[in-house]
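Structure first, commentary second.
The values are calculated or read from the model by the stated rules, or taken from the named source; none is laboratory data. The structure presented is a predicted model; accordingly, all values stated were derived computationally and were not measured. Cβ: placed from backbone, ideal geometry, glycine included. Neighbour counts: every protein chain shown. Areas reflect the complete protein model, heavy atoms only, side chains present, ligands, DNA and RNA absent. Shrake-Rupley method; radii C 1.70, N 1.55, O 1.52, S 1.80 Å.
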Amino acid sequence: MENARDHATIRRGMALAATLAAALLATACTRLAPTADAPAPTIGVILPFSSAFTPIAQEQQRAIEMALADAESPARLVFKDGGGDAETAIAAFRELATLEPRPAAVITCASWVASALNPLAAEAGIFHIAIGSAALDRGRPGHTVRFTLDAHMEERQLASYLERFRRIAIFHMDNGYGKNWAKVIAENFAERVAVSKAYDPKADDFRDGLRDIAAAKPDALVLLSAGNAGEIARQAREMGIHAQLVGTRPIERPELLERARYTDGLVYTYPTSDRKHPLVAAYRGAFDTEATIFAAEAYDALTSLLHALDATDTPTPEALFAWYAGRTLRGALGQVRFDTQGDAVYPYMYKQVIDGQFHVAQFQFPMLLEETIERVHHVFHEMHEQVEKAAEALGATGLTGEKAQALLLGLHEACGHSYDCVTIDTRGVIVNAAPESCENVIGADISKQEQVRRMMATRKAVVSGAIDSVEGFVGFDLEHPVFDAQGKFLGAVSVLTEPDFFGKVIRPRVANFPVEMWVMQKDGRIVYDENPEEIGRNLLTGPMYADFPELCAIGRRMAAEPRGAGDYEFLDKGLEHTVKKRVVWCTVSLHGTEFRVALSYVPTELD
Ligand code: COI
Ligand code: CYT
């Protein structure tokens, strides 16, 4: 490489000049002198310049040009107007495909464009990257790489919040983004969707559709919208619609804050991204406005594409796709993992418009904790009720024999997260077990286990802490005494939880949120953590924690107090760097055994 720094400087100058000169509808071109050995690759970029999304296209173009200016290797960018529909984008693609030399790749924005161009790009042998495309139907798998989280994944996160509403109204853009999202919500909340209306994103009067929404008297109004959400909110409020406003990723546009009076309180899902990435400050400096996630995706798309082109000997679509699939990248989006389909996965959180600004929604941390606690509580409660019934029935059948085993199997099937169910006799020996695959534990003496001793001593139902089960893994055991009709103590019936019990209950509740959850017993033992290395360690006495006195202090408070919150320093998710964390915790208990369920996050990572 000759003088990479000079190149970078020249490119930066050209990129900014191009940005300033680019008329909205014009085809902008950034030409670079090819280096002696390899010609600069041509990259086509199709953005919705002439559409309802002009400011989004502009933002993406700026970010792509900034990425080129920051890059080590040259490229020739050819921007094309994709309009607001698939047909215009297809025509733009056909023009790109005739260029000499042919583009090595095409970057496109919008769901409807991504789905339409995936097969065409595959056909033409041109690698395809989709940005700003939450909905994508890949007619040709293994070809398109996407930088946007899929709507289904985002909806799973939005659902945690939507669950609290009874009458949901949906007002969506009449395009591939809006229609697909509306469908995903309707699939999940079928009977609660009171009304779902499409609107033309190029319109400026939305009152026709909003009248039907007003008539449905919703308590939540989901806007599947971009820049015109502000105007929609104004018209909705003026028509007397007071529902909670809810949104999704593209709703965070500067235009929204111009209508802050009407959009205040709006809650929406949004990527966490990396607000400390140089792009954020550079964009603000150059354009005096905030870069949104559209810029971050566009910047990372071009940056990574140039790396991929450098790293592949023959940059065929197959080779480029293979470069992305399974890879983890770091960029303006933060840390991004590409799955084998070629889809980017990165954390989303809730944001909220408060006092005319976009904020990280603080309510989400206690909300996610409460929801998770409720879930664990539900599982415990169900086990308790089922085991109580089984104990009653076993009093009549006795603890051994086929009838008893059928009861144990029924108990096992009725309890979510049961690994097996057994009966023990008065000596503490396992005398029966279900399912059949677990019969090998029959005969094991578990009388020395702490919870068995407690049950024997009190003849009351007990729950263990984490125990090393005779089954061979760490589990939690609910023991319920069994008495016959005369009140004679026969022994007990038990449900043992499956391996990774807390993980199985907790993980889906907080999947893809930028939080970590962990569970501690009152003795300080960590019985669940996202980081498996920490499970089984003791927060109060473990050497791993000794260098973090604030964390130990939190641990002592958690041992003593059923609920609380605090700040501490500890290692990040990868156990690499020390970061300042915030924690909120709560308790779930059954038969006197208490578990502290904690949620922690890094506030500075989020804003
Ligand atoms: C999407 O399709 O996911 C988008 O964000 C498109 C955008 C132009 C509203
Ligand atoms: N196993 C079991 N303790 C064990 O080790 N099934 C119940 C209690």
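Assuming 0.36 nm per residue, please report the length gained on full extension of the stretch D85 to D567 beyond their Cα-Cα distance.
168.6 nm
First measure r as the distance between the Cβ atoms of E594 and T98, then evaluate 1/(1 + (r/R0)^6) with R0 = 51 Å and state the FRET efficiency to the nearest 0.05.
Given R0 = 51 Å and the Cβ-Cβ separation, E is 0.15.
What does the charge count around K460 come to, taking other residues whose C-beta lies under 13 Å from its C-beta (Lys +1, Arg +1, Asp -1, Glu -1)?
Values: positive: R453, R454, R459; negative: E388, E479.
Residues near K460 contribute +1 overall.
Which Rg and Dmax, in Å, describe the Cα atoms of the stretch 84-177?
Final numbers for Rg and Dmax: 15.9, 57 Å.
Can you quote the Å³ per residue value for the convex hull of the Cα atoms in the chain, rounded to an integer?
Numbers: hull volume 111.1 nm³, N = 607.
Per-residue hull volume (Cα only) is 183 Å³.
Per residue of the stretch 175-185, in order, report the coupling 6.51 cos²θ - 1.76 cosθ + 1.60 (Karplus, θ = phi - 60°) as ³J(HN,Hα) in whole Hz, putting x for Gly and Pro.
Calculated HN-Hα couplings, in order: 7, x, 6, x, 5, 5, 4, 4, 5, 5, 5 Hz.
Whole-Hz ³J(HN,Hα) for each residue in the stretch 488-505, computed from phi via Karplus 6.51 cos²θ - 1.76 cosθ + 1.60 with θ = phi - 60°, x for glycine and proline: what do you get?
Working through the residues one at a time gives 7, 6, 9, x, 8, 10, 9, 10, 9, 6, 6, x, 6, 3, 5, x, 5, 7 Hz.
Within the accessible area of the chain, what % is carbon and sulfur when the probe is 1.4 Å and the other protein chains stay in place?
Summing carbon and sulfur atoms, their accessible area is 51 percent of the total for the chain.
Given the C-alpha atoms of the stretch 152-232, compute the convex hull and give its volume per residue in Å³.
It comes to 84 Å³ per residue, whole-number rounded.
With a 1.4 Å probe and all protein chains left in place, how much accessible area per residue does the stretch 547-607 have, in Å²?
48 Å²
Can you work out the Karplus-derived ³J(HN,Hα) for every residue in the stretch 138-152? Use 6.51 cos²θ - 1.76 cosθ + 1.60 with θ = phi - 60°, whole Hz, and x for glycine or proline.
Karplus-based 3J(HN,Hα) across the stretch 138-152 equals 8, x, 10, x, x, 10, 8, 9, 10, 9, 9, 5, 5, 4, 4 Hz.
If amide H atoms are built 1.01 Å from N in the plane of the peptide, which residues on other chains or at least 5 residues away come under 5 Å of the amide H of V482?
Answer set, sorted by chain and number: L490, G491, A492, V493.
Considering only the other residues whose Cβ falls under 14 Å of the Cβ of M239, what net charge follows from Lys and Arg at +1 and Asp and Glu at -1?
Local charge sum for M239: +1.
Which value, in Å², gives the accessible area per residue of the stretch 288-332 when a 1.4 Å probe is used on the protein heavy atoms?
Details: 1810 Å² over 45 residues.
Normalised by residue count, the accessible surface of the stretch 288-332 is 40 Å².
Among K217/K580; K448/K504; K217/K351, which pairs are too far apart, with a Cα-Cα distance over 32 Å?
Beyond 32 Å between Cα atoms: K217/K580.
Taking amide H positions as placed 1.01 Å from N in the peptide plane, with prolines and chain starts having none, which residues 5 or more places from I107, or on another chain, fall under 5 Å of its amide H?
So I107 has HN proximity to G44, V45, I46, I129.
For the stretch 227-257 and the stretch 123-172, compute the distance between their C-alpha centroids and round to whole Å.
For the stretch 227-257 versus the stretch 123-172, the Cα centre distance is 21 Å.
If you average the sequence gap of Cα pairs under 8 Å that are 6 or more apart and divide by the length of the stretch 254-387, what percent do you get for the contact order?
Reported relative contact order: 30 percent.
Please state, as a whole number in µm²/s, the translational diffusion coefficient that the Stokes-Einstein equation yields for the stretch 517-561 at 10 °C and 1.306 mPa s, with Rh defined as the Kirkwood radius across alpha carbon pairs.
For the chosen part, D equals 155 µm²/s.
Could you work out [θ]222 nm for the chain from helices alone, using -39500 (n - 2.57) per DSSP H run of at least four and dividing by all its residues? Round to the nearest 500 deg cm²/dmol. Before the final figure, lay out the partial values.
Details: 20 runs with 236 residues, N = 607.
After summing the helix terms and dividing by residue count, I get -12000 deg cm²/dmol.
May I ask you to compute the full-extension gain from S437 to A485, defined as 0.36 nm times their residue separation minus their alpha-carbon distance, rounded to one decimal in nm?
Full-extension gain reported as 14.2 nm.
If you take the charge dipole of the stretch 85-170 about its Cα centre, with +1 on Lys and Arg Cβ and -1 on Asp and Glu Cβ, which of A135, A124, M153 is farthest toward its positive end?
M153
So what's the convex hull volume per residue for the Cα atoms of the stretch 118-164, in Å³?
Spelled out: Cα convex hull of the stretch 118-164, divided by residues, is 68 Å³.
Name the residues of the stretch 570-597 whose amide N is less than 16 Å from a point 7 angstrom out from the Cα of R557 along the C-beta direction?
570, 580-587, 596-597
Tell me the net charge near N512. Cut-off is 12 Å between Cβ atoms, N512 excluded, with +1 for each Lys or Arg and -1 for each Asp or Glu.
+1
Could you tell me the extents of the stretch 292-391's C-alpha atoms along the three principal axes, largest first, rounded to whole Å?
So the three principal-axis extents are 68, 46, 15 Å.
Viscosity 1.306 mPa s, temperature 10 °C: give me the Stokes-Einstein translational D for the stretch 163-307 in µm²/s, with Rh taken as the Kirkwood radius over C-alpha pairs.
Using the Kirkwood radius from Cα pairs, D works out to 98 µm²/s.
Quick query: amide H of R525 versus all other amide H atoms, modeled in the peptide plane; which residues come in under 5 Å with a sequence gap of 5 or more or a different chain?
Counting only residues 5 or more places away or on other chains, the set is L539.
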